[in-house]
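Only the coordinates and a few stated rules stand behind these numbers; no lab work does. Every value quoted in this text rests on a predicted model; they were computed, and no experiment measured them. Note that each Cβ is placed from the backbone with ideal geometry, even for glycine, and that neighbours are counted across all protein chains shown.
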Amino acid sequence: TGQYNIIDEGGYFGEDTLEIDVGGVKKDTDCVAKYSVRTLGGDAILGVLTLKKCRNVFDTTTLGLGNRQVPGRIEAQVDIPFDALEKHAILGAGTFGQVWLVSYKAPNGVRRAYALKIQSKYELISNHQAKGVVREKNIMKELHHPFLINLVQTYQDPQRAYMLLGLVQGGELFSLLHQATHDGIPEKDARFYAAGIIDGLSYMHRRHILYRDLKPENVLIDSDGYPVIVDFGFGTICLYKNGRYRRQFVS
């Protein structure tokens, strides 16, 4: 095409080749190379990551399809009245409130389980966390990806703020890494979880959203064994202005 790009150390190109599998694994992966490489001077090391190797780490058939509705992974966006939620048990508790296991019975008779995050407005305001909760809600409204917790709906009353979230039932990644008899997981499992986390963070970065609180305690494992990133309280949106990225603050 006559176009030139300079790739810095650690850079990459040719990622569009991975899209061959989108929609289903293809037997024929031959393609015409769109690129040629020339070094500008000195020694250069170029590593090749083949499509076959990528398939061993992540699902290439859904690459980049952040809005794809994966069965059992992203909750359906429905209007759920707060009074229709039935509480069952506390899943966790913290400084600002609790997380409850709740369920909703749809008009068609189907009952689905969710997690209801309840936060005290008094505690949030007293600890100067109110703006952070608003920012977290605004960020989560923009995210629809199988490896990111899904915000189904929000509610509020004079005392509390509520977030209805998709239910992730497999526990924390931290619990897998640190068990009573040993620490660590096999390398193939580490690659699997890392690939899911990277795909989720990449989805956020394409939307100029930074997560900023990645740790094993903030990655849950769903019922299918996939990692799901939760807790976006430290997330922030970056706006590109005057040649620089700047954080967007909630007023």
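Calculated on the Cα set of segment 73-175, radius of gyration then Dmax: 13.9, 43 Å.
Between the amide H of residue 169 and those of 223, distances stay under 5 Å, these residues lying 5 or more places away or on another chain, with hydrogens modeled in the peptide plane. What does the charge count around residue 171 come to, taking other residues whose C-beta lies under 12 Å from its C-beta (Lys +1, Arg +1, Asp -1, Glu -1)? That works out to -3.
Over 25 Å between C-alpha atoms is what I'm after, so list which of 26/188; 26/215; 105/131; 117/141 land there. Exceeds cut-off: 26/215; 105/131. Here the Karplus relation 6.51 cos²θ - 1.76 cosθ + 1.60, evaluated at θ = phi - 60°, turns the backbone of segment 142-150 into coupling constants of 8, 10, 9, 9, x, 9, 10, 4, 9 Hz, with x for every Gly and Pro. Within straight-line reach of residue 121, meaning a Cα separation under 19 Å, sit the following aspartates and glutamates at least 8 residues removed in sequence or on another chain: 136, 157, 231. Placing dummy labels 7 Å off each Cα toward the beta-carbon, the span from residue 156 to residue 238 is 2.9 nm.
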